[in-house]
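Before any comments, here is the structure.
What follows is calculated from the coordinates using simple rules that are stated; it is not laboratory data. Note that the structure is a prediction, hence the values are computed from the model and not measured. Neighbour counts are summed over all protein chains in view; Cβ atoms, including those assigned to glycine, are modelled from backbone coordinates with ideal geometry.
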Amino acid sequence: MDGRMILEIQDVGKTFGGFSALHHISIDVEEGKIHAIIGPNGAGKTTLFNLISGMYDLTNGEIYYKGKRLKDLKPHLRAELGIGRTFQIVRLFHSMTVLENVMMGRHCKTKAGLLKTFLKFSLGELEEEKHTRENAWRWLEFVGLSHKAEQMASNLPHAEQRLVEIARALTLEPDLLLLDEPAAGMNPKETTDLDDLITKINRMGKTILLIEHNMELVMGISEIISVLNFGEKIVEGNPFEVQENPAVIEAYLGKKRGN
């Protein structure tokens, strides 16, 4: 790759007790690209995302974002640097409205903090809350959910809850967006719409790092794919190279093609 690397994962490993979940993983993510990480269940994909976002500590290796070493940085500091993410299992505040959920995404950048953001004062609405609310509206419009802003998040269908998560991640204006199984539980029409949305986000100049089991989606939008299996990177290349690689076929099917 000749472009600038926004994320550099260097010889990364993660051990839980005596179990090695990841070992010697090295992946460079080029700025402005859609880069997918695929592999069978248990390959270590979400563990890798948790290491990038700071939810887990590295056992060994280093991760750099825009040349900055991430080790020992808490998740909210990584978010402030410009790393946004969604989760494999949707994480919304079900007692809040859709708009309030999206507003929560910006809390690490607000001076007032969460408490003041959601309390009303007799002297009027805080200026900061106004900006936070306007920003949330803008991203809800972007994902096509502004008409449901005042509904309770718990009342939305699964696919729309995933869109709320994406909108919330975008409120931080991240340069790198980690999407963990965004198409999980979606029907074909919803997946096609998601494909269009991810492409639209990427065209805004944002780098996408994507974990996904839907191979049609992955092959359709990814420019580079890294394949993990049993905690190791086994293959990396463009969609055609990966799709035709015998090691990938064996990892997914448990046998080599033709056997």
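Close amide H contacts of Met5 (hydrogens built in the peptide plane, cut-off under 5 Å, sequence separation of 5 or more or a different chain): Glu31.
Shown here: the range 149-259, whose C-alpha atoms stretch 55, 29, 25 Å along the first, second and third principal axes, sorted largest to smallest. A simple rule links phi to the HN-Hα coupling: the Karplus curve 6.51 cos²θ - 1.76 cosθ + 1.60 with θ = phi - 60°, which for the range 238-248 gives 6, x, 5, 4, 5, 4, 9, 6, x, 5, 6 Hz, with x for Gly and Pro. Straight-distance candidates among the aspartates and glutamates for linking to Lys233, with alpha-carbon spacing under 13 Å and chain neighbours fewer than 8 residues away dropped: Asp11, Asp28. So what is the calculated 222 nm ellipticity per residue for the chain, using -39500 (n - 2.57) for each DSSP H run with n of 4 or more, over all residues, to the nearest 500 deg cm²/dmol? The helix contribution divided over the chain gives -10500 deg cm²/dmol. Phi angles across the range 32-46 convert, under the Karplus curve 6.51 cos²θ - 1.76 cosθ + 1.60 with θ = phi - 60°, into 3J(HN,Hα) values of x, 9, 9, 10, 9, 10, 10, x, x, 4, x, 6, x, 5, 5 Hz, Gly and Pro given as x. Bin all alpha-carbon pair distances of the range 35-75 at 5 Å intervals from 0 and give each bin's fraction as a whole percent. Calculated over all Cα pairs of the range 35-75, the distribution is 5, 22, 28, 23, 16, 6, 0 percent.
In this structure, the pairs whose alpha-carbon distance is over 25 Å, taken from Lys74/Lys130; Lys14/Lys74; Lys45/Lys71; Lys68/Lys200, are Lys74/Lys130; Lys68/Lys200.
The string of couplings for the range 175-180 from the Karplus curve (6.51, -1.76, 1.60, θ = phi - 60°) is 8, 10, 10, 9, 10, 9 Hz, one whole number per residue in order, with x for Gly and Pro. For the range 1-78, the ratio of Cα radius of gyration to the globular rule of thumb 2.2 N^0.38 Å stands at 1.08.
Amide H contacts for Val235 (H built 1.01 Å from N in the peptide plane; partners 5 or more residues away or on another chain; cut-off under 5 Å): Val227.
Taking amide H atoms as placed 1.01 Å from N in the peptide plane, the amide H of Gly39 lies under 5 Å from those of Leu228, each 5 or more residues away in sequence or on another chain. Annotation: extensible slack from Met215 through Phe230 equals 3.5 nm (criterion: 0.36 nm per residue apart, minus Cα-Cα distance).
Rounded to the nearest 0.05, what FRET efficiency do Gln151 and Lys130 give with R0 = 22 Å and r taken as the Cβ-Cβ distance? Could you check? It comes to 0.55.
Per residue, the convex hull spanned by the Cα atoms of the chain amounts to 138 cubic angstrom.
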